[in-house]
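> Right, I'll just put the structure down here and ask away after.
Values quoted throughout were computed directly from the atomic coordinates according to the rules given, and no laboratory measurement underlies them. Predicted, not measured: the structure shown is a model, and the values here were computed from it. Virtual Cβ from ideal backbone geometry, glycine too; neighbours counted across all protein chains shown.
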Amino acid sequence: MKNRNYFFRSDQNLERKTLFPNYPKYHIASKLLASSPPLAHIRFFHASPDSQKLDIYVNERMLMRRLTFQQISETILFSPGLYFVDIYPSDKTWDPLISEKILLYPGDHVLLAVCGMQKKVKLIRYPSDSFVPRHETKLRFIHLSPDSPPIDVVTETGDLFFQDVSFKEATEYIGMTPMTAEFTFKLANGSYSSILEILLDPGRIYTLICTGSSNSEIPVDFLLIIDQ
């Protein structure tokens, strides 16, 4: 996806919607009054395995077009406030898959995940950590495979790292020593097991995500995203 730095402002009467495209973060900050509250940092993630490409609108303005499965947006800056979010199949502007109000607080760091099969698709809010000591790293796990059973995440030494994580559940972050780590993902019913080797750098915060489906052509998959 093309890098698009947006700043959204929510007016109190919710009738005016202002969008400032292509402003780098430092430029936005320099234009805000010193008394302005901290901005919210938002990303969207497409995790609905049978949904096509998605168009996302905020306050009736298109925010992003043709978000594909497993794609995560750039970080988007919002002023604190209430927003209307509508998500449509790509190139359509009627009968939204999702239509919700989202309240954003000063300094929020949030991952908004579109998840579930298309007939029951939901927008789930996952707050993200924004601080880690520079010589440490943090890791959490989110289960977004709608028809997969709970998942255990096991280290290469056989230790249980995350246990019995159910669909839509997010674990707490765990502080770690930076390293190259190997994890095995085991479905509770024993039907699937996968091994993933990941590099965890110092001063970074990560989320491991399970996507896909146990019962469709989109297989269960695991990916790593950087939160900070």
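> Nearest 0.05, what FRET efficiency do Thr93 and Glu172 give at R0 = 35 Å with Cβ-Cβ as r?
In this case the efficiency is close to 0.35.
> Now for a separate question. With charges set only on the Cβ (+1 for Lys and Arg, -1 for Asp and Glu), what does the dipole of the stretch 107-228 come to about its Cα centre, in debye to the nearest 20?
That gives a dipole near 480 debye.
> Given the C-alpha centroids of the stretch 63-89 and the stretch 93-111, what is the distance between them in whole angstrom?
Distance between centres, Cα-based: 8 Å.
> If you don't mind, there's one more thing I want to ask. Once phi is turned into θ = phi - 60°, what whole-Hz ³J(HN,Hα) does the Karplus curve with 6.51, -1.76 and 1.60 give for every residue of the stretch 90-105, x standing for Gly and Pro?
My calculation for the stretch 90-105 gives 3, 6, 10, 10, 9, 6, x, 5, 9, 9, 9, 9, 10, 9, 10, 9 Hz in order.
> Between Ser194 and Ser36, what is the label-point separation in nm under the 7 Å Cα-to-beta-carbon projection?
It works out to 4.0 nm between the two label points.
> Arranged from highest to lowest average of other beta-carbon atoms within 10 Å per residue, in what order do the peptides 164-170, 208-214, 67-73, 117-123 appear?
Highest to lowest by the protection proxy: 208-214, 67-73, 164-170, 117-123.
> Got a sec? Charge dipole of the stretch 88-220, +1 on Cβ for Lys and Arg, -1 for Asp and Glu; which of Gln163, Pro149, Ala181 is way out at the positive end?
Of Gln163, Pro149, Ala181, it is Pro149.
> Pairs of lysine in the stretch 110-215 with Cα under 26 Å and at least 8 positions apart or on different chains: total?
Lysine pairs, 8 or more places apart or on different chains, close enough: 8.
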